[in-house]
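Participant: Structure provided below as structure tokens; questions to follow.
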Amino acid sequence: MFLSLITIVVLSSQSHPDRHSSVTSDAWLSCATSINPNGTRGNSHWIRYDLGQNYNISNIDIWNFNHPDSLNMGVKDAYVDISLNGVTWTNVGQLTVPRANGSTLYAGVKAVHNLGFQQARYVLITPFTNYGGGSCFGIAELQFNLTAPTLPVTISDLITQCGGDNATIKWKSHEEKDIATYEILGSDDANDWSIIKTVQPKGSGIYSEGLGQSAPYYLRVQATEVNGNLITSDIVVNDCSFNKSAIEISPNPFSNQFTLSLLQSETVKPKNMRIIDISGKEVFNQTFETTGRSSFLIQPMGIIPGVYFVELNMYGDKKFVLRTVKI
């Protein structure tokens, strides 16, 4: 059954399914470090693959850097990290790649790293040694041997809507099977979560649940399987919990920095600000002096492209949370 389901994803082209050319332009080559998507890796050489959706990964096939005059640039040892969302990373060991031979008949190495069908959408390769000790690291090609995961449900299109001060949360479920309950979770800090409403499954389709006027700042949906396993969605913000017209982020999306502007007089005393990702992890924070300023330049160094929430905490326990995108 495995052989009939396996999918091979080839992330760069080659002229023969088991060979790789010796042309430099057919390969990945890094000669300068940059900020790694996995913050624990710091500035490093790295390459990140987006498989487009979650897959179970069995193993990786690799063709090392194959230019006959630059074989020492080939990667020798590298860390392998995987992620479901491109933000939170899990280390799945190290791989060692044999040196290429520079031949146009070079067939690479099969199953150089076994992941044991762990599930991921993103794969991050961070080399730390090569065969020559120089500053350039190269790989000709990778192939991932995959199977599509079987999930009891997929939660998508999660949004909140306001009717007056009353919040409603909506989501879609796909291929719902063996789900015991849905729990709507709420939090005021995206860290400590509690169940604010339990919803019985009705089959795949659209769910819409009213939460009243007392819903917390952050919301997410959790599906509990009949066997007790949990499937949790990303975070959304309850826009009914604050006045969105009182604060602005510009530009949004932003590249390296943005301006945080307070548009109403009652919001002129910010205490601190933090940025969290869609999983709830804090990636940046800043404290403000008590002044009468109404705009602040924010330069969140070291965060990777993605969706984030900017949480502004005011004196007097007022809070604002806005969604932004780093490009």
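Participant: For the range 50-98, what D do you get in µm² per second when you plug the Kirkwood radius from alpha-carbon pairs into Stokes-Einstein at 4 °C and 1.567 mPa s?
Facilitator: So the translational diffusion coefficient is about 100 µm²/s.
Participant: Classify the chain from the C-alpha gyration tensor, please: rounded if a/c falls under 1.5, else prolate or oblate depending on whether a/b exceeds b/c.
Facilitator: It comes out oblate by the Cα gyration axes.
Participant: Which of the residue pairs Lys170/Lys202; Lys269/Lys319; Lys172/Lys202; Lys197/Lys319 have a Cα-Cα distance greater than 19 Å in the structure shown? Write down the numbers at each step before the final one.
Facilitator: Details: Lys170/Lys202 14 Å; Lys269/Lys319 11 Å; Lys172/Lys202 11 Å; Lys197/Lys319 23 Å.
In this structure, Lys197/Lys319 lie more than 19 Å apart at Cα.
Participant: Give, in nm to one decimal, the length gained when the segment between Ser294 and Lys170 is fully stretched (0.36 nm per residue of separation minus the Cα-Cα distance).
Facilitator: Gain in length upon complete extension: 41.2 nm.
Participant: OK, next. Test of understanding: what is the full-extension gain from Ala107 to Gln222, defined as 0.36 nm times their sequence separation minus their Cα-Cα distance?
Facilitator: 36.9 nm
Participant: Compute, for the chain, the length of the dipole vector about the Cα centre, with Cβ point charges of +1 (Lys, Arg) and -1 (Asp, Glu) only. Units Debye, rounded to 20.
Facilitator: Dipole magnitude for the chain comes out near 320 debye.
Participant: For the range 243-326, calculate the relative contact order in percent as a whole number, restricting contacts to Cα pairs under 8 Å that are 6 or more residues apart.
Facilitator: Relative contact order, the range 243-326: 33 percent.
Participant: Which ordering of Met73, Met301, Met314 is given by a fewest-first count of other beta-carbon atoms within 10 Å?
Facilitator: Taking fewest neighbouring Cβ atoms as first place, the list is Met301, Met314, Met73.
Participant: Further question on the same structure: Could you give the distance between the Cα centres of the range 85-108 and the range 283-327, to the whole Å?
Facilitator: 38 Å
Participant: Related question: Tell me, what HN-Hα J-couplings in whole Hz come from the Karplus equation 6.51 cos²θ - 1.76 cosθ + 1.60 at θ = phi - 60° for each residue of the range 212-218, using x for Gly and Pro?
Facilitator: So the J values, rounded to whole Hz, are x, 9, 10, 5, x, 5, 10.
Participant: For the residue pair Gln213 and Leu84, what label-to-label distance in nm results when each label sits 7 Å from Cα along the Cα-to-beta-carbon direction?
Facilitator: According to this spin-label approximation, the distance is 3.7 nm.
Participant: Next question, about the same structure. Determine the relative contact order of the chain: mean sequence separation of Cα pairs under 8 Å and six or more apart, normalised by residue count, in whole percent.
Facilitator: Over the chain, the number comes to 14 percent.
Participant: For Lys244, list the aspartates and glutamates whose Cα falls under 20 Å from its own Cα; do not include residues on the same chain fewer than 8 positions away.
Facilitator: Correct list for Lys244: Asp165, Asp188, Asp189, Glu266, Asp277, Glu311, Asp317.
Participant: Let me ask you something else. Counting Lys and Arg as +1 and Asp and Glu as -1, each charge on the Cβ, what is the dipole of the range 154-240 about the Cα centre in debye, to the nearest 20?
Facilitator: On the way: 6 positive and 13 negative charges, 54 e Å.
That gives the range 154-240 a dipole magnitude of about 260 debye.
Participant: Express in nm, to one decimal, how much length is gained between Cys162 and Ser255 on full extension, taking 0.36 nm for each residue of separation and deducting their alpha carbon distance. Don't skip to the answer; put the middle values down first.
Facilitator: Numbers: separation 93, 0.36 × 93 = 33.48 nm, distance 2.99 nm.
Between Cys162 and Ser255, full extension yields 30.5 nm more.
Participant: In addition: With 10 angstrom as the radius, rank Ser233, Ser245, Ser294 by how many other C-beta atoms surround their C-beta, starting from the fewest.
Facilitator: Going from sparsest to densest Cβ surroundings: Ser245, Ser294, Ser233.
Participant: Helix-derived [θ] at 222 nm for the chain: sum -39500 (n - 2.57) over DSSP H runs of at least 4, divide by residue count, nearest 500?
Facilitator: 0 deg cm²/dmol
Each value in this text was obtained by applying a stated rule to the coordinates, not by laboratory testing. Here the structure is a predicted model, which is why all the values come from computation and not from measurement. Positions of Cβ are generated from backbone atoms using ideal geometry, with glycine treated the same way; all protein chains shown enter the neighbour counts.
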